[in-house]
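Worksheet: the structure to be examined is printed underneath.
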Number of protein chains: 2
Amino acid sequence: MRRVAVISTGSELVYGRLQDSNAAFISACLFPTAFTVISHHAVGDVSEDLRRTLGTALSEADIVIMSGGLGPTDDDLTIEVVGELFGVRPAVDGPSLARMESFFKSMGREPLSGDVRMVTVPEGSVVFGNETGLAPGFMINHNDKILVAMPGVPHEMKPMFENKVLPRLLSLFPGSGRDSLTVRVVLMREAEVNNLVRSMSLPFKTIDWGITTSPGMNTVCFVSRAADLLPRELILKEARRAFGDSMLDTSSKNLEEDLVRLLEAAGITVAVAESCTGGLVAQRITDVPGSSRVFQGGIVAYSNEAKENLLDVSAEILYTYGAVSEETALAMAHGARRCFKADVAVAVTGIAGPGGGTEAKPVGTVCFAVGTADTDRVFTRVIPGDRERVRRFSSQYALDGIRGSILTSK
Amino acid sequence: MRRVAVISTGSELVYGRLQDSNAAFISACLFPTAFTVISHHAVGDVSEDLRRTLGTALSEADIVIMSGGLGPTDDDLTIEVVGELFGVRPAVDGPSLARMESFFKSMGREPLSGDVRMVTVPEGSVVFGNETGLAPGFMINHNDKILVAMPGVPHEMKPMFENKVLPRLLSLFPGSGRDSLTVRVVLMREAEVNNLVRSMSLPFKTIDWGITTSPGMNTVCFVSRAADLLPRELILKEARRAFGDSMLDTSSKNLEEDLVRLLEAAGITVAVAESCTGGLVAQRITDVPGSSRVFQGGIVAYSNEAKENLLDVSAEILYTYGAVSEETALAMAHGARRCFKADVAVAVTGIAGPGGGTEAKPVGTVCFAVGTADTDRVFTRVIPGDRERVRRFSSQYALDGIRGSILTSK
């Protein structure tokens, strides 16, 4: 097993202004491999601290993976400190420079002096091009140790690590991959998922597993303990038995992707009517590339007036049952279906907070409706937590509501 | 300044299953004090790794604050490793034991043998009672170094740190904190922000500063180097001169909050028409608590049909200029203003990718329109990057477009 230390740099981390997500991402990617992450370190943009931490990491691990400090400004110190430690000079990376120049040209601008810093790497290192930003990453070997450096911005670091760094590391150390299988379970409590996994008839002596939780989603990762292959069919059979329709297709990375795939396979189009989620449901569906083939559109009707005018919710329903009611949700879903001529529509109306709650309908009360040509389904959930959590869970219930209507009609 | 190192322990951290929030919390609490956090470390529940990391932290810092590893199970190693390093024996803490016994008694249970581990601390240490859980924290001095250990569960650690540990540390080392000021700059390049900060007429000998970048936003944090107060008025004057309208109000935490505040102050209502952003613009506005006072609603019109039927974009415009054009964007904005009877509307239409690009309109081409009763403004941006980045930047341009229309009409 190769030992890996992960370093995240940036004063915002040690100031406590930003929570580091890079180290956890890198570790999760490495978990199913034979690379073992033994430590995470975070340091500010201070040469002395960075130098000391790099030294510590290189002494305890075979491979050091760092992110951050590759930008254009004075507090971006990675190249300088790495060059000093490894005794190599900085050199401009030609392809990255050309890419940066054409980028600035397309905006009618010239690169500033600091920008060239961004495309500088230690001489002789392996360069990883940056496809979602400007600063390249690099890998350098020294005394049997490997150092990888990547930009710190998560949406630049993540694809670089997944698509370039990890394949490179796996090719350098063949046999480092362990077999793994990920199962995603929607809207089930972690403790329940945990008990269901334990109840599976699986050879747990050779299979390791762990659960990661995010709002409304639990991800179970099965990993072979040794170099063996996992019994994939058996695991999937057991998981389907345990989780039923709460389990996503294994090819789906998240709920919205699973939903778009199901809609496309069934040839069904969808529309959305949102109140408290304010566009989040539509946004999540349209996050999926190719969603335009199934997504007709959405209406964010925050005010009662908008619910009446755009979604044809009658004043009587709004007056009798209130804006946050299953009756209003259903009328909104019907309105959205008509508006967009969609096969199925989902509607969400609720109280996200912090204001607006009453004794009968406290903050977190959210009503949902899913309407198709044949059937309607309405339900209400009371979601604990702050505004962000209520909105996030509401979007999860809405997306899973449409998903459920397709799965049960099958 | 006392130097602080923060250690978080737990195998779930280095497995990447859980993102550490304790280190950021502790750092944010210490930031305005005279204690300087110089590093974060995370290690798994492995004696050797914990011992090594504690050694590193004690060698680089005056104070080490750790969380985790105080539970009842075999992988809770803190007491053992600390005792060994500091040469002290473990001892049961009487008050914590009594508290635990009465807790279990109230549930009709006896403590298990492992549970006593939880109320054990190094002999002679200062004990911090746990008011939201069972395991106490402790503080121990050795060779002029201070070690603080707390439980890892955030809802136990946070109140213990805020209410007990921090006051204790502040009383041990009296002296004032550092002053800080944050300035947020929207849609300006990091290198440009960096140059503008450098060009400010400020006493940089006494002011430290750093920049954090997120998509479409740079955050500049000014910190006093010593115990002095910052010259706040001077910094704000210089920042306003340098950044102009690109700078948010200092009370706004992000662009959407700044926009909602401006709309509210001006008594202006807003509506949104979105194509490629698919609801993201509406979602970001409605993320702000109280946005219902200014936000009328939004329409996500993905298809041409929806643009015609719901937003009254004429077939002629769509045919002549195409769905991704400033002309269509303007017609969408007009449609949204009418639909929702709003004072101002913004429209976004573009190609988020990965498919749909042409030579004339490559992926990333996005057209915007901001319409009010008096004036219209249209603009086009070509945004490099993947679908997520194009959508995120598009929402930033849209929100800042509305913001600009308010600021210039002032």
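Every number in this text was worked out from the coordinates using simple rules, so none of it is lab data. Bear in mind the structure is a predicted one, so any value in this text is a computation, not a measurement. Quick reminder, even Gly has a Cβ in these numbers, built from the backbone with ideal geometry, and neighbours come from all protein chains shown.
Each of B:Thr365, B:Thr36 has some number of other Cβ atoms within 10 Å of its Cβ, and from fewest to most they run B:Thr36, B:Thr365. Backbone amide hydrogens, once placed in the peptide plane, bring A:Lys145 within less than 5 Å of nothing, excluding anything fewer than 5 places away on its chain. Could you check what % of the DSSP bridge pairs in the protein assembly as shown are antiparallel, to the nearest 5? Approximately 60 percent, going by the DSSP bridge assignments.
All alpha carbon pair distances within the range B:298-365 were sorted into 10 Å bins beginning at 0; the resulting P(r) in whole percents reads 22, 51, 24, 3. Taking chain A as a Gaussian network of alpha-carbon nodes connected by springs under 10 Å, the highest mean-square fluctuation of the residues A:Gly278, A:Gly364, A:Gly108 belongs to A:Gly108. Modelled this way, with points 7 Å down the Cα-to-C-beta line, the labels at B:Asn304 and A:Ser171 are 4.4 nm from one another.
When Cβ neighbours within 10 Å are restricted to other protein chains, what is their mean count per residue of peptide B:384-396?
Numbers: counts 9, 5, 5, 4, 4, 4, 0, 3, 1, 0, 0, 2, 0.
Partner Cβ neighbours, averaged per residue: 3.
Would you list A:Met118, A:Met1, B:Met332, A:Met200 from fewest to most Cβ contacts within 10 Å? Let's see the in-between values first.
On the way: A:Met118 26, A:Met1 11, B:Met332 32, A:Met200 18.
The most exposed by this proxy come first: A:Met1, A:Met200, A:Met118, B:Met332.
Put a dot 7 Å past each Cα toward the Cβ at A:Arg198 and B:Thr250; how far apart are the dots in nm? Distance between label points: 5.4 nm. Largest GNM mean-square fluctuation among B:Asn130, B:Asn143, B:Asn309, using chain B with Cα springs under 10 Å: B:Asn143.
So what's the range B:2-172 giving for Rg/Rh, alpha carbon basis, Kirkwood Rh from the mean inverse pair distance? Mind dumping the intermediate values first?
On the way: Rg = 15.2 Å, Rh = 16.1 Å.
Value, to two decimals: 0.95.
How big is the shadow of the Cα convex hull of chain B, averaged over all directions, in nm²? Here the figure is 26.1 nm², rounded to one decimal. Between the residues A:Ala329, A:Ser292, A:Thr380, the greatest Cα displacement towards the positive end of the dipole of the range A:255-409, with unit charges on the Cβ of Lys, Arg, Asp and Glu, is found for A:Ser292. Taking θ as phi - 60° and the Karplus parameters 6.51, -1.76 and 1.60, the scalar couplings of the range B:159-172 work out to x, 5, 5, 5, 8, 10, 5, 4, x, 5, 5, 5, 6, 6 Hz in sequence order, x denoting glycine and proline.
Each of A:Pro159, A:Val81, A:Val126 was placed along the dipole of the range A:60-201 (beta-carbon charges, centred on the mean Cα), and the one lying farthest toward the positive end is A:Pro159. 3J(HN,Hα) along the range A:363-368, derived from phi through the Karplus expression 6.51 cos²θ - 1.76 cosθ + 1.60 where θ = phi - 60°, amounts to 3, x, 6, 9, 10, 10 Hz, with x in place of Gly and Pro.
Centroid-to-centroid, using Cα positions, the range A:316-376 and the range A:20-92 are 50 Å apart. Under a 5 Å amide H cut-off, with hydrogens placed 1.01 Å from N, A:Thr120 pairs with A:Asp93 among residues at least 5 apart or on other chains.
Around A:Gln19, under 11 Å between beta carbons, what's the net of Lys plus Arg minus Asp minus Glu among the other residues? Present the calculation step by step, with values, prior to reporting the outcome.
Values: positive: A:Arg17; negative: A:Glu12, A:Asp20, B:Asp20.
Once all neighbours under 11 Å are counted, the net charge is -2.
DSSP finds beta bridges in chain B, and of those with both partners inside it, around 60 percent are antiparallel.
For the protein assembly as shown, just run the numbers: alpha carbon Rg, then divide by 2.2 N^0.38 Å, N being how many residues it has.
Details: Rg = 27.8 Å, N = 820, 2.2 N^0.38 = 28.2 Å.
Its radius of gyration relative to the 2.2 N^0.38 Å reference: 0.99.
Hey, how much of the P(r) for the range B:1-56 falls beyond 13 Å, as a percent of Cα pairs?
Result: 60 percent of Cα pairs exceed 13 Å.
Straight-line reach from B:Lys164: which aspartates and glutamates fall under 18 Å, measuring Cα to Cα and dropping same-chain residues less than 8 apart? Partners found: B:Asp93, B:Glu131, B:Glu156.
Looking at chain B, identify the longest residue range that excludes and avoids all GluC sites (Glu not before Pro) in DSSP loops having at most 14 other Cβ atoms within 10 Å. All intermediate terms of the calculation are to be shown ahead of the outcome.
Working: sites that count: B:Glu123, B:Glu131, B:Glu359.
Between the exposed loop sites, the longest stretch runs B:132-358.
As an exercise, take the mean of 1/r over every pair of distinct alpha carbons in the range A:255-409, invert it, and state the Kirkwood radius in angstroms.
Working: mean 1/r = 0.0665 Å⁻¹.
One over the average 1/r among Cα pairs gives 15.0 Å for the range A:255-409.
A:Val223 sits among other residues whose Cβ lies under 9 Å from its own Cβ, and their net charge, with Lys and Arg +1 and Asp and Glu -1, is 0. Taking 0.36 nm per residue of sequence separation and removing the Cα-Cα distance, the A:Lys205/A:Ala98 pair yields an extension gain of 33.2 nm. Amide H contacts of A:Trp209 (H built 1.01 Å from N, in plane; Pro and chain starts excluded): A:Val223 sit under 5 Å, all sequence-distant by 5 or more or on other chains. Electrostatic tally near A:Lys164: other residues with Cβ closer than 13 Å to its Cβ, Lys and Arg +1, Asp and Glu -1, net -1.
Each residue of the range B:98-112 is assigned a 3J(HN,Hα), and the resulting list reads 4, 4, 5, 4, 6, 5, 5, 4, 4, 9, x, 10, 9, x, 7 Hz, derived from the Karplus form 6.51 cos²θ - 1.76 cosθ + 1.60 (θ = phi - 60°), x at Gly and Pro. Annotation for A:Ser409, label-to-label distances across the other copies: 4.3 nm (shortest first, one decimal, point 7 Å from Cα along Cα→Cβ). In degrees between 0 and 90, to the nearest 10, how far off the longest principal axis of chain A does helix A:255-266 point, with axes built from Cα atoms? Taking the Cα atoms of chain A, the angle to A:255-266 is about 60 degrees. Cross-link reach is defined here as a Cα-Cα straight distance under 12 Å, omitting same-chain residues fewer than 8 places apart; for B:Lys237 none of the aspartates and glutamates meet it.
Relative to the compact globular guide of 2.2 N^0.38 Å, what is the alpha carbon radius of gyration of the range A:181-261, as a ratio? Walk me through the numbers before you get to the answer.
Numbers: Rg = 12.2 Å, N = 81, 2.2 N^0.38 = 11.7 Å.
So the Cα radius of gyration is 1.05 times the expected 2.2 N^0.38 Å.
Panel order for B:Asp93, A:Asp228, by other beta carbons found within 10 Å of each beta carbon, from fewest to most: A:Asp228, B:Asp93.
Modelled this way, with points 7 Å down the Cα-to-C-beta line, the labels at A:Glu162 and B:Val126 are 4.6 nm from one another.
Based on the Stokes-Einstein relation at 10 °C and a viscosity of 1.306 mPa s, and on the Kirkwood radius from alpha carbon pairs, the range B:50-140 is assigned a translational diffusion coefficient of 115 µm²/s.
Report the FRET efficiency, 1/(1 + (r/R0)^6), for B:His142 and A:Val382, where r is their Cβ-Cβ distance and R0 is 51 Å, rounded to 0.05.
On the way: r = 51 Å, r/R0 = 0.99.
Approximately 0.50, to the nearest 0.05.
Using the structure shown, select from A:Lys158/B:Lys253; A:Lys341/B:Lys307; B:Lys158/B:Lys253 the pairs with a Cα to Cα distance greater than 18 angstrom.
Working: A:Lys158/B:Lys253 26 Å; A:Lys341/B:Lys307 13 Å; B:Lys158/B:Lys253 23 Å.
Those over the limit are A:Lys158/B:Lys253; B:Lys158/B:Lys253.
Its DSSP H runs of at least 4 residues, each contributing -39,500 (n - 2.57), put the calculated 222 nm mean residue ellipticity of chain B at -11500 deg cm²/dmol, to the nearest 500.
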